[in-house]
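Since the structure comes first, as structure tokens, the remarks are kept for the end.
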Amino acid sequence: MTSDHQIDHIICSKPETFFENVKYQIASEDIIDKIKRKFFKKRYLGYLKALNQVIKPDNKYIIQIVDNFGIVKPLQEFLVKKGLRQNFQIQFFYHGYPPFLENFRGRWFFESIDEMVLLTHDSYKVHKDCYTILPCKFSVLHNGIDTTKFNKATFEQKINLRNELDLKDKKVFIWCSKDLPKKGLDFILQVWKNIYSQYKNTALLVVGAKRNIQIEGVHFLGSVPNNELPKYYQMSDCYLFPTLWHEGFGLSLIEALHSGCYCIASALGGVPEVLQYGKLGKLIENPHFQQEWEDAILEFLNQKEINETIIPDNLYSAQSWNLGMNKIIENAKKTLK
């Protein structure tokens, strides 16, 4: 979130860091609240109490909820009981891809919110096809990154960065994620063994995972601080995104794109839309098939000339995200008038 935003309050448990120019209402509980939450299953009592301290009966508000499906029903009941539901626009931001609730249960959820904000248009299509009744507005807001940090290095900078890891004259690939089965690290390591047996002048950087194993041509870098992450993309030639689930968007994918990496990615979830259906990178249509990954990587390695992918500066940037968020808020304000 940049400084040019329209967020007035954040209701949450005590955060580690605070955004500037935003008022915080901490969702805390006393002993009575804890008893009520435990025995009466009022899980979100602290949040509703915090909200009650912020709102005024004669004012109008926009509430934004991020990925918390469980709070929608108690929030709806809270506002209706106070006779204030008409004074609110409830926007739900969903960072997943497929529908979260089945068709029947989804009806009450979509009747309780005013707008669903998704990461991709493809996710909307899946929702539209899943639910027979979909009684709320939808919007799409792509993720954004700080493009002042994630940007392409010059040729000289790239060489200097590679020298830090003794990667001179190598084709450098990178995988970056949390070490979860659905992120495909074990899968891509199997692919890599076959690639490296043919191309010894290659290297694979693994960022975010630390394995107590040694694999030829693989550098396990473990957890990397966010401020150091850009340089690993910048020293690399190709980013591998072998996700094995329906990603909502893929932040690391756009970090790699803006850092100058050619991207090879699973055609799952929101990824095809992010890569503009192959315009910005190579999509693996059957990502669970090892041979398709090997073929795509070999195709990249055997290119006589690499065609540079031009990424507009404002594409998937924090600035464009902020503009999109402000537009969504402005439209909700018009609805409340």
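Does at least one position in segment 115-137 carry a residue that is closer than 27 Å to Ala318 by Cα, in contact (Cβ under 8 Å) with a residue 40 or more places away in the chain and more than 18 Å from the chain's Cα centre (by Cα)?
Yes: one or more hits.
Can you say whether Leu229 is farther than 22 Å from Ser317 by Cβ, aliphatic (A, V, I, L, M) and surrounded by fewer than 22 Cβ atoms within 10 Å (Cβ to Cβ), as far as the supplied structure shows?
Spelling it out, it is not the case that Leu229 is farther than 22 Å from Ser317 by Cβ, aliphatic (A, V, I, L, M) and surrounded by fewer than 22 Cβ atoms within 10 Å (Cβ to Cβ).
Take Ser266 and decide whether it is buried (at least 16 other Cβ atoms within 10 Å of the Cβ), touching a Phe, Trp or Tyr at 6+ places or on another chain (Cβ under 7 Å), hydroxyl-bearing (Ser, Thr, Tyr) and under 21 Å from Asp122 (Cα atoms).
Yes, satisfied.
Quick grid of which residues meet (1) of a type in the set (Val, Ile, Thr); (2) buried (at least 16 other Cβ atoms within 10 Å of the Cβ); (3) modelled with pLDDT of 90 or more; (4) over 25 Å from the mean Cα position of the chain (by Cα):
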site: Glu16; (1), (2), (3), (4): no, no, no, no
site: Arg43; (1), (2), (3), (4): no, no, no, yes
site: Leu48; (1), (2), (3), (4): no, yes, yes, yes
site: Pro99; (1), (2), (3), (4): no, yes, yes, no
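Take the residues of segment 58-85 that are open to solvent by 90 Å² or more (accessible area, probe 1.4 Å) and within 24 Å of Ile328 (Cα to Cα): which is modelled with the lowest pLDDT?
Asp58
Looking at segment 281-296, can you tell me whether even one residue there is among the small types (Gly, Ala, Ser), open to solvent by 20 Å² or more (accessible area, probe 1.4 Å) and either assigned to a helix (DSSP H, G or I) or modelled with pLDDT under 95 (or both)?
The answer is no; no qualifying residue exists.
Mind listing whichever residues of segment 269-279 are assigned to a loop (DSSP other than H, G, I, E, B) and crowded, with 20+ Cβ neighbours inside 10 Å?
Gly269, Gly270, Leu275
Out of the residues in segment 196-217 that are crowded, with 19+ Cβ neighbours inside 10 Å and of a type in the set (A, V, I, L, M, F, W, C), state the one that is farthest from the chain's Cα centre (by Cα).
Ala203
I'm checking my understanding of the structure. Among residues of segment 20-41 that are open to solvent by 100 Å² or more (accessible area, probe 1.4 Å) and not in a helix (DSSP H, G or I), which one is modelled with the lowest pLDDT?
Phe40
Quick check on my filter: what residues within segment 232-253 are open to solvent by 60 Å² or more (accessible area, probe 1.4 Å) and part of a loop (DSSP other than H, G, I, E, B)?
Trp245, His246
Tally time: how many residues in segment 172-191 are farther than 27 Å from Ile159 by Cβ, open to solvent by 10 Å² or more (accessible area, probe 1.4 Å) and not in a helix (DSSP H, G or I)?
3
How many residues are of a type in the set (S, T, N, Q) and within 22 Å of Gln276 (Cβ to Cβ) when one looks only at segment 287-337?
Qualifying residue count, segment 287-337: 8.
The values are calculated or read from the model by the stated rules, or taken from the named source; none is laboratory data. Predicted, not measured: the structure shown is a model, and the values here were computed from it. Don't worry about glycine lacking a Cβ; one is built from the backbone with ideal geometry, like all the others, and counts go over all protein chains shown. Side chains are part of the model used for accessible areas, which takes the heavy atoms of the whole protein and leaves out ligands, DNA and RNA. Shrake-Rupley method; radii C 1.70, N 1.55, O 1.52, S 1.80 Å.
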